[in-house]
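What follows is a single structure, written as structure tokens, with notes after it.
Here, each number is a calculation from the coordinates, and none is a lab measurement. As the structure is a prediction and not an experimental result, all values here were calculated from the model. When we count neighbours, we look across all protein chains shown, and the Cβ atoms used for this are built from the backbone with ideal geometry, even at glycine.
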Amino acid sequence: MAGALPPTAQSVEAGEAAAAQAAARARRTAAIRAAALIAGLAVLLGILNALTHGDFLAPGNVVNVLRQISVNAILASGQTFVIITAGIDLSVGSLIALTGVLMAGVLGAESSIALGVILATLVGVSVGGAAGAINGLPVVRFNLPPFITTLAMMLMARGAAFLYTGGKPIEIDNPAFNYIGSGLIGVGHAFGIPGVPVPVIIMLAIVAAGHFMLTRTRFGRYVYAIGGNEEAARLSGVNVFAVKLSVYIISGALAGIASLLLAGRLNSGIPQSGQGYELQSIAAVVVGGTSLAGGRGSLVGTFVGALLIGMLYNLMNLLNVQSYAQDVVLGAVILAAVLLDELRRRYFTSG
Amino acid sequence: MPIAQAAPYLVLRGISKSYPGVRALDGIDFDVRPGEVHALVGENGAGKSTLVNILSGAVAADAGSIEIDGRTVTVSSPRQSEALGIAVIHQEFNLVPQLTAAENIELGHEPLRGMVIDTRELHVRAAAALARLGVTVPLDAPVRTLSVAQQQMIEIAKALSVDARIIFMDEPSAALTGQEVDRLFAIIKTLTAHGVGVVYISHRLEEVFAIADRITVLRDGRLIATKERADMTSDEVITLMVGRALEAHFPTLPPDPPHTTPLLSVRGLTTRGRLQDVNVDVYAGEIYGIAGLVGSGRTSLLRAICGADRYDSGSVTLGGAVLHLRGPHDGIAAGLALVTEDRKSQGLILGMSIRENVTLPHLEDFATLGVIDRPKETTAVATLSAELHVRSRSIEQAVRSLSGGNQQKVVLAKWLLERATLICFDEPTRGIDVGAKAEIYDLIVSLAKGGTGIIMVSSELPEVLGMSMRIGVMHGGRIVREFARGEATPETVIRLATGAA
């Protein structure tokens with residue numbers, strides 16, 4: 001290299017000291033900011049709690065909110081993978097219906113309780129994953145917009161669910177399957193709650209696993225790289241075909257799992273279920289700070305997004321806000337959240 | 001010269017601007033007189049862009065004052081900047097590709113008749129703006145169908161249509177051919193004759209000395225000198241820009257490696273419409289230069305060799321083994337590296353950190369069972385980044401916020417992290433400053449000394465001549481002639497590359 005002289009010991013030390021100082025400063029500011037945020041949130045939650053006469057933060061209600069968001073949080077987790085690659089998946093709501101009725105069909109045909117659950121789960125996840133592959137293939141092979149391919153799947157899967165059931169729900173009579181959707185895992189009546197709902201455990205496990213994949217693995221790095229600059233990723237040897245196809249498969253398979261929780265809770269496979277869920281999941285992703293342009297975002301953010309939306313609905317119910325007004329508020333909150341996030345980003349990353 | 005007496009139209013005093021961690025401008029005094037060409041030069045990261053951004057209203061200065069015609073003004077939006085008579089012509093044009101030339105020139109201030117656009121008046125005005133420049137461009141043609149040079153003229157006409165008094169031109173000749181540059185200079189002369197002040201920002205010092213009345217040199221955000229052109233020489237300007245004297249442009253090349261068994265052997269490589277029966281051998285430790293115009297097949301050749309594009313027929317042999325590459329991934333695994341021409345669209349993921357960009361092609365070696373070993377990654381990138389003198393706050397900095405030269409070093413680091421046996425460089429020094437260029441030349445030579453085979457494509461003739469052991473000239477998808485060391489002259493290379501031979 002040009003200035004081929006090795007850096008002197010002093011200059012290296014001075015550089016390292018400066019860097020260490022800068023890092024320490026950055027850590028301090030981050031810590032202060034985090035503390036301020038937590039304090040602010042605590043005050044806000046306290047006020048809201050007081051407004052609901054202590055119902056909002058009652059352990060039973062908190063668990064209830066977590067259970068309510070579990071289906072959306074799982075859908076949004078898959079959606080996050082897709083959106084970080086700059087794609088979108090509009091089919092997840094319909095896939096809930098399709099995999100739900102198919103699982104109900106399998107459970108009706110299989111008399112063994114254990115085998116029924118295993119077969120139904122396999123069918124749900126693999127049909128969801130296969131639908132995801134059908135979403136993704138035209139995207140990676142022919143460069144079709146994912147908006148179109150998943151819109152087509154949204155219509156096809158919904159129609160197929162109705163065709164399969166003739167429009168009627170299929171009842172599920174399998175206690176083990178229903179346990180997955182509505183069972184509790186006991187915590188010995190600690191924290192004043194009877195137990196942690198199984199869907200909450202499954203949701204947390206999926207969010208944790210997804211977060212690990214995105215932040216710590218090669219696959220996750222490639223997902224971000226493709227969303228950031230697909231051509232540069234390809235020229236760097238990233239198997240764009242496989243990675244992009246995988247995110248649609250992941251999204252479809254997670255829709256199968258979300259469907260399992262929903263069908264288990266409702267004790268039936270319902271062809272009308274999951275309507276509008278694709279938009280709810282996209283809302284959670286964007287409120288969680290993931291960019292629809294791709295390359296940026298996080299699964300923890302998505303979980304927080306789903307949680308915020310769920311808390312908001314819950315709070316409005318506790319405050320007896322009528323349901324039409326709830327959607328108006330939710331829409332406004334989504335807009336405000338994304339706007340705030342954008343302003344914050346501009347403020348902190350000028351230059 | 002009357003210019004010397006004219007009162008300046010625009011005066012900046014003590015302009016400063018800091019970004020987190022960087023002092024981009026530090027107390028800059030700068031002025032532009034009516035009818036002069038004032039060249040602004042400096043390495044990447046010297047502060048030229050920041051200065052332009054302040055005057056165009058895109059960013060606000062932290063300190064200092066701006067005066068126009070003796071009055072202190074604030075420039076807080078692009079609209080305000082336009083109203084003050086300041087126009088900026090960026091490297092990437094701000095034209096709407098689907099609209100016609102005339103519509104683009106009048107965009108934002110269309111003449112109206114009632115509620116609708118007065119198309120006839122619009123054409124009259126657009127034609128008048130072009131006539132002032134002494135150029136003709138088809139007014140009804142959609143801008144996307146026009147050449148780069150024509151688009152630039154439309155940008156200039158657009159500036160004139162809002163009565164710009166000062167026009168900033170940021171690297172205006174970067175995408176132009178020699179003839180088109182002459183044309184641009186003629187237009188600049190017309191502008192100055194009408195009393196417009198032109199600020200000419202360029203890396204190309206020959207052009208600066210051909211057109212400028214005064215020259216201002218910036219370095220590291222500070223004003224180094226403002227002088228009449230007549231009082232400066234090109235060497236002086238280079239010294240002021242880099243803060244040290246550069247004796248030789250190019251490093252001394254090592255002797256040719258023995259031409260026994262070639263490292264790379266390309267035979268009959270053909271891609272319909274792009275490559276025609278290309279045959280070339282490159283030896284380990286050799287720097288093989290490729291000269292040729294844009295579209296001659298030089299980039300296609302590199303891409304085909306490295307697996308980025310498929311080819312129809314022919315063979316590529318590396319180290320004795322015939323390659324069957326299905327994509328860039330196979331090329332990398334075989335020991336090939338392609339340093340692409342356009343770092344922003346092909347070389348880097350701008351939103352990612354230096355660390356993430358550098359390890360992207362090699363993640364397999366930094367992961368066990370798919371999980372990335374972060375400490376190992378950090379150590380490797382930090383070491384390499386220091387060796388290459390990448391100027392950044394830390395390796396976690398997003399590459400978007402680095403200067404062009406430093407971005408290019410990150411691209412190089414990507415391909416040096418693991419030793420490739422053959423590296424293809426496509427325009428390795430495009431758009432970067434003199435100092436970073438010299439570092440990249442030294443790096444290429446040291447790679448060759450270490451036994452790496454190098455193919456280097458460049459549009460800059462001196463670079464090809466000064467850096468290559470052998471040179472292949474491409475034209476029409478073929479290597480039309482190969483020169484041994486010392487055989488090539490600028491004239492013969494140009495003649496072959498343009499097909500005039």
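Put +1 on the Cβ of every Lys and Arg and -1 on every Asp and Glu Cβ in the range B:264-497; which of B:340, B:467, B:323 then has its Cα farthest towards the positive end of the dipole? Positive-end residue among those listed: B:340. Of A:273, A:126, how do they rank once you tally other Cβ atoms within 10 Å and put the fewest first? Starting with the residue having the fewest Cβ neighbours, the order is A:126, A:273.
Whole-Hz Karplus values for the range B:195-208 come out as x, 7, x, 10, 9, 9, 9, 7, 7, 8, 5, 4, 5, 4 Hz, taken residue by residue from phi with 6.51 cos²θ - 1.76 cosθ + 1.60 and θ = phi - 60°; glycine and proline positions read x.
Take the Cα of residue B:98, step 7 Å toward its Cβ, do the same at residue B:120, and the gap between the two points is 2.8 nm. Distance from the C-alpha centroid of the range B:123-186 to that of the range A:89-113: 63 Å, rounded to the whole angstrom. The residues neighbouring residue B:143, those whose beta-carbon lies less than 15 Å from its own, together hold a net charge of -3 under the Lys/Arg +1, Asp/Glu -1 convention. Distant-in-sequence amide contacts of residue B:367, defined by a placed amide H-H separation under 5 Å and a gap of 5 or more residues or a different chain, comprise B:373. In chain B the longest region clear of GluC sites (Glu not before Pro) that are loop-assigned by DSSP and have at most 16 other C-beta atoms within 10 Å covers B:93-246.
Net charge near residue B:391, counting Lys/Arg +1 and Asp/Glu -1 over other residues with Cβ under 12 Å of its Cβ? It works out to a net charge of -2. Residues B:185, A:219, ranked from the fewest to the most other C-beta atoms within 10 Å, line up as B:185, A:219. Name the shape class, rounded, prolate or oblate, that the alpha-carbon gyration tensor gives for the range A:52-209, where a ≥ b ≥ c are the square roots of its eigenvalues, rounded holds for a/c under 1.5, and otherwise prolate holds if a/b is larger than b/c and oblate otherwise. Oblate, since a/c reaches 1.5 and b/c is not below a/b. What FRET efficiency comes out for the pair residue A:204/residue B:58, r = Cβ-Cβ distance, R0 = 35 Å, nearest 0.05? Once rounded, the FRET efficiency stands at 0.20. Within the same chain, lysines fewer than 8 places from residue B:449 are excluded, and of the rest, those with a Cα less than 27 Å from its Cα are B:409, B:414, B:437. Straight-line reach from residue B:158: which lysines fall under 24 Å, measuring Cα to Cα and dropping same-chain residues less than 8 apart? Output for residue B:158: B:48, B:189.
In this simple spin-label approximation, residue A:216 and residue B:110 carry label points 7 Å from Cα along the Cα→Cβ vector, and these lie 5.7 nm apart. The Cα center of the range B:86-104 and the Cα center of the range A:214-263 differ in position by 38 Å.
Here the range A:57-339 is treated with +1 on each Lys and Arg Cβ and -1 on each Asp and Glu Cβ, and its dipole about the Cα centre works out to around 480 debye. Taking 7 Å steps out from each Cα toward its Cβ at residue B:333 and residue B:279 produces label points 3.1 nm apart.
About the centre of its Cα atoms, the range B:264-497 shows a dipole size close to 280 debye [charges on the beta carbon of Lys, Arg (+1) and Asp, Glu (-1) only; nearest 20 debye].
What angle, in degrees between 0 and 90 and rounded to the nearest 10, separates the Cα long axis of helix B:148-161 from the longest principal axis of the Cα atoms of chain B? Roughly 20 degrees, rounded to the nearest 10.
The residue among B:8, B:152, B:112 whose Cα reaches farthest toward the positive pole of the charge dipole of chain B, with charges on the beta-carbon of Lys, Arg, Asp and Glu, is B:112. Remark: B:264, A:48 ranked as A:48, B:264, counting other beta-carbon atoms within 10 Å and listing the fewest first.
Towards the positive end of the charge dipole of the range A:57-339, with charges on Cβ (+1 Lys, Arg; -1 Asp, Glu), say which of A:179, A:120, A:209 has the farthest Cα. So the residue we want is A:209.
Adding -39500 (n - 2.57) for every DSSP H run of four residues or longer, then dividing by how many residues chain A holds, sets the calculated 222 nm ellipticity at -26000 deg cm²/dmol.
Over the range B:264-497, the Kirkwood radius and the radius of gyration, each from Cα atoms, give a ratio Rg/Rh of 0.97. Summing Lys and Arg as +1 and Asp and Glu as -1 over all other residues whose Cβ lies under 14 Å from the Cβ of residue A:255 gives a net charge of -1. According to the square roots a ≥ b ≥ c of the eigenvalues of the Cα gyration tensor, what is the shape class of the range B:1-108, taking rounded for a/c under 1.5, prolate for a/b larger than b/c otherwise, and oblate for the remainder? Oblate shape, in that a/c is at least 1.5 and b/c is the bigger or equal ratio. Taking Cα centre as origin and charging only the Cβ of basic (Lys, Arg, +1) and acidic (Asp, Glu, -1) residues, the dipole magnitude of the protein assembly as shown rounds to 1180 debye.
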